[in-house]
Amino acid sequence: MAVLGPLSRISRLGCNLCRNHRLVLNRSSQKRGISSGIDPSYGLTDEQKEFQKVAFDFAANEMAPHMAEWDQKEIFPVETMRKAAQLGFGGIYVRPEVGGSGLSRLDTSIIFEALSTGCVSTTAYISIHNMCAWMIDTFGNDEQRKKFCPDLCSMEKFASYCLTEPGSGSDAASLLTSAQRKGDHYILNGSKAFISGGGDTDVYVVMCRTGSKGPKGISCLVVEKGTPGLSFGKKEKKVGWNSQPTRAVIFEDCAVPVTCRLGNEGQGFNIAMKGLNGGRINIASCSLGAAHASVLLARDHLLVRKQFGETLANNQFLQFKLAEMATKLVASRLLVREAATALQENRADAVSLCSMAKLFVTDECFNICNQALQMHGGYGYLKDYAVQQFVRDIRVHQILEGTNEVMRMIISRNLLTES
Amino acid sequence: MSGRVLVGVKRVIDYAVKIRVKPDNSAVVTDGVKHSMNPFCEIAVEEAVKLKEKKLVKEVVAVSCGPQQSQETIRTALAMGADRGIHVEVSGKDYESLGPLQVSKIMAALAKKEEAQFIILGKQAIDDDCNQTGQMTAALLDWPQGTFASEVSLEGDKVMVVREIDGGLETIRINTPAVLTADLRLNTPRYATLPNIMKAKKKKIANVKPADLGVDLTSRLEVLRVEEPPQRQAGMKVETVEDLVAKLRDAGKV
C-alpha cells in the first residue's frame with residue numbers, strides 16, 4: 001500500500017504536465033491587460049482609428065452581408081461603391097481641391113485593410129479605381145484633373161487601369177497597342193487583356209506606344225467609354241474577384257484627343273509604374289484584411305468545434321498553427337504599413353519596400369487564409385462559409401499588379417545595383 | 001429660443017463584445033475591452049444633426065460624462081456633425097458609481113448653463129439598460145419629456161413626438177424646452193465621412209468638472225454582486241398535454 005502513495009503522486013504530476021496544452025480559460029490574460037497582438041488598431045493615431053472604425057463599420061454593415069451573393073451572381077455593386085465614395089473612399093489619396101480626401105498612403109492602407117474584411121473583390125476594385133484617380137490627379141494638367149477627378153472621387157464615373165496585353169504581362173514595356181499621332185488626335189489600335197471593370201467602367205487609363213520600342217516609347221492616354229472604336233471582349237469567368245467584371249479592351253482606329261494625354265509623350269511607363277507602387281500597397285492591404293478576417297474565423301471555429309471529446313482549441317498542433325498564422329499576419333501588417341510610410345515620404349527605399357510588401361504579404365496572407373480553410377475541415381470547402389471566398393479572392397493578388405516573380409526581379413535588381 | 005441642442009453620448013462596451021464578469025464578481029471586465037458609442041446615443045446624435053440640417057436648431061453640443069476616454073466618444077459625435085463637445089470629467093470610484101441620477105443632475109445643470117432648447121438622449125444605455133436618465137433630467141428641469149421617440153417633428157414652439165409604447169404608437173404634443181429620448185426606429189445613424197472626421201479634429205471640446213456645476217456625485221446605490229446569467233439547462237420532451245400541465249404544476253409555474 002505504501003508504494004501506491006508516491007506512484008499516485010507521480011501519476012498526478014504526469015497528468016498536470018499533459019494538461020499544460022489545455023487552454024486554461026481563466027480571465028488571467030484580461031486581468032493582466034495582455035492582448036493577442038492581432039488588433040489592427042494598435043499603433044495608430046486617434047484620427048486613423050476613426051478612419052478605420054468607419055471602414056470596419058461600412059464593411060460589416062454594407063459589404064459583408066452581400067459578399068457571397070456578389071460572388072455567386074457576379075454583381076458589380078455600383079450603389080454600394082457609390083455609398084463608399086460618399087464617405088470619401090472614392091479618391092482617398094487624391095487632392096481635396098478636385099474632390100479627393102487628401103489622406104496619406106498609410107491612412108489608405110488602413111482603410112483598404114478594413115474594407116477588405118467585408119469583401120476583398122469589391123475593395124480591390126475600389127483600390128484600382130483610386131489608383132487611376134490618383135494618376136490623373138498627379139500627372140494630369142489642371143484641365144484634365146478638373147474634368148475627370150471630381151466624377152471619379154464621387155464614383156459618378158468608374159475607372160480602369162489598362163496596361164496588360166495578350167502578348168505582354170510581366171514584360172509590360174514590350175506592349176504593342178499603338179497610338180499614331182494624326183493632327184490633334186491619337187489613333188489607337190490594339191487590345192488590352194484582363195482589365196478589371198472593363199466594359200462597365202467609364203474612364204480608361206491606357207498605356208500605349210507613341211514612340212519606338214521599350215519603356216521610353218510609351219505614353220498614357222485617358223479614353224472615355226463611348227469613344228468610337230472602343231469595344232470590349234466577353235466577360236471572363238474567374239475563380240474569384242467575381243464582384244468585378246474582367247474583359248479585354250479593344251481599340252480599332254479609336255481616335256483620342258491629344259488633350260487626353262497625361263504628362264508628356266514617353267512618360268507613360270513611368271506614370272504606370274508610379275501608380276503601381278501605390279497599387280501594390282493597396283493590394284497587399286486587401287490581402288491583409290482577408291487574412292485578418294480568416295484568423296478570427298479560424299479562432300472562433302477552434303473554440304466551438306469539438307472532436308475526440310474536446311474543442312479543437314485544445315489541440316496543440318492547431319494551437320501552434322494558429323500562432324504561426326497570427327505571427328505572419330502581424331509581420332505582414334508591419335511591412336505594409338512601413339512601405340506605405342516610405343512611399344508617402346518619397347523615401348529612396350520606397351519602390352523596394354512596396355515590392356517586398358506586395359511579395360511577402362500576398363504570399364503569407366494567402367497561406368493564412370488557406371490554413372484557416374483547412375482548420376474548418378469539410379465546412380471550409382462549402383460556399384456557405386466565408387473562408388473559401390477569402391481564399392479564392394486573394395489568390396490572384398499573388399499574380400496581378402506585378403507577379404510575385406516580378407517583385408523578386410525588382411528587389412534583386414535594386415539590391416545588386418545598389419553598390 | 002437659443003436653438004441649442006444638448007446631446008448626451010455614453011461610452012459603453014461595444015455591442016459585439018462577449019461580456020465577462022470579473023473573478024471577484026464585483027463588476028464586468030472593462031480593461032482592454034473594445035468600447036464605442038451607445039447605439040441609442042448614435043441615433044440621438046443623428047436626430048440632432050438632422051434638425052440642424054433642416055435649420056430647425058442652430059447648434060448641436062455633444063456631452064459625455066466619464067474618464068479621459070470619453071473624449072473619443074465625443075469626437076465620434078463631432079465627426080457625425082455635432083458642432084462642439086463638453087467633456088464632464090468623472091473618473092475612478094466616482095465613475096464606477098456614476099448612474100442616471102448623477103448624469104441627469106449634470107445634464108440639468110448644463111442645460112441651464114447653455115440655455116438649451118432641447119436635450120436629446122438615447123432611450124437607454126446597453127450596459128446598464130436603466131432607461132432613467134432622460135426622465136430624471138426632465139423632472140429636475142421641470143421640462144416636458146418625449147421618450148421612446150420614433151418620430152419627432154417641430155411645430156412652431158411645440159414638438160410632436162410619436163412614442164413607441166407597449167400598446168402601439170402614441171402621439172403627443174409637448175412644449176419646448178423639452179427632453180427627448182431616442183428609440184431604435186427614430187432614424188438610421190450616418191457613417192462619419194473622412195472629411196468630417198478631419199474637420200472634427202478642429203472642433204472644440206470643453207472640459208468641465210462636476211463640482212463646477214454644483215453637482216454632488218454620491219450614489220444612493222451600492223452594487224453588491226455581479227453574476228453571469230445561469231447556464232441554460234436542458235429541456236425535456238413530454239408526450240401529452242396532461243404531462244405538460246402536471247410538470248408545470250410540479251415546478252410551481254402554474
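B:LYS209 passes all but one of (1) surrounded by fewer than 17 Cβ atoms within 10 Å (Cβ to Cβ); (2) under 25 Å from B:THR73 (Cβ atoms); (3) without any contact (Cβ under 8 Å) to a residue 12 or more places away in the chain; (4) not aliphatic (A, V, I, L, M); which number fails? Answer for B:LYS209: the failing condition is (3). Only residues that are among the hydroxyl-bearing types (Ser, Thr, Tyr), within 14 Å of chain A (Cβ to nearest Cβ) and touching a residue at least 60 places away in the same chain (Cβ under 8 Å) were counted in the stretch B:174-192, giving 1.
If you go through the stretch B:1-44 and keep only what is of a type in the set (Phe, Trp, Tyr) and not in a loop (DSSP other than H, G, I, E, B), you end up with just B:PHE40.
Scan the stretch B:77-100 and give yes if some residue there is touching a residue at least 60 places away in the same chain (Cβ under 8 Å), in contact with a Pro (Cβ under 7 Å, 6 or more places away or on another chain) and part of a strand (DSSP E or B), otherwise no. The answer is yes, given that some residue of the stretch B:77-100 is touching a residue at least 60 places away in the same chain (Cβ under 8 Å), in contact with a Pro (Cβ under 7 Å, 6 or more places away or on another chain) and part of a strand (DSSP E or B).
Restricting the search to helices (runs of 4 or more DSSP H) fully inside the stretch A:53-149 and requiring at least 2 residues that are away from chain B (no Cβ under 14 Å), in contact with a helix residue (DSSP H, G or I) (Cβ under 7 Å, 6 or more places away or on another chain) and modelled with pLDDT of 95 or more gives A:67-73, A:105-116, A:120-139. Every condition in (1) surrounded by 19 or more Cβ atoms within 10 Å (Cβ to Cβ); (2) within 18 Å of B:LEU213 (Cβ to Cβ) holds for B:GLU46 except the one numbered (2).
Taking strands (runs of 3 or more DSSP E) as the structural unit, no element lying wholly within the stretch A:189-277 holds at least 1 residues that are out of contact with any Gly (no Cβ under 7 Å at 6 or more places or on another chain), modelled with pLDDT of 95 or more and assigned by TED's automatic domain parsing to the domain that holds A:GLN398. All told, A:ALA284 meets the bar of being under 18 Å from A:ILE399 (Cβ atoms), in the same structural domain as A:ALA372 (by TED's automatic domain parsing) and either out of contact with any Leu (no Cβ under 6 Å at 6 or more places or on another chain) or part of a helix (DSSP H, G or I) (or both). Would a scan of the stretch A:155-163 turn up a residue that is more than 18 Å from A:PHE76 (Cα to Cα) and assigned to a strand (DSSP E or B)? For the stretch A:155-163, residues more than 18 Å from A:PHE76 (Cα to Cα) and assigned to a strand (DSSP E or B): present. For the condition in the same structural domain as A:GLN389 (by TED's automatic domain parsing), in contact (Cβ under 8 Å) with a residue 40 or more places away in the chain and assigned to a helix (DSSP H, G or I), A:LEU334 does not qualify. B:ASP128 meets the conditions (1) surrounded by 21 or more Cβ atoms within 10 Å (Cβ to Cβ); (2) under 12 Å from B:LYS10 (Cβ atoms) in every case but one. The failed one is (1).
Of the candidates B:ILE86, B:ILE43, the single residue that is under 16 Å from the mean Cα position of the chain (by Cα) and farther than 15 Å from B:ALA125 by Cβ is B:ILE86.
Figure legend. Inter-residue proximity from the stretch A:186-201: first residues on the phi > 0 side of the Ramachandran plot, second residues among the hydroxyl-bearing types (Ser, Thr, Tyr), beta-carbon distance below 7 Å, spacing 6+ or different chains. Indicated pairs: A:GLY190/A:THR177; A:GLY190/A:SER178; A:PHE194/A:THR164; A:PHE194/A:THR246; A:GLY197/A:TYR125; A:GLY197/A:SER160.
When the stretch B:9-53 is filtered for residues that are of a type outside the set (A, V, I, L, M), farther than 28 Å from B:ARG225 by Cα and either touching an Asp or Glu at 6+ places or on another chain (Cβ under 9 Å) or away from chain A (no Cβ under 12 Å) (or both), the ones remaining, listed by number, are B:GLU46, B:GLU47, B:LYS50, B:LYS52, B:GLU53.
The values are calculated or read from the model by the stated rules, or taken from the named source; none is laboratory data. Because the structure is a prediction, the values reported are computed rather than measured. Quick reminder, even Gly has a Cβ in these numbers, built from the backbone with ideal geometry, and neighbours come from all protein chains shown.
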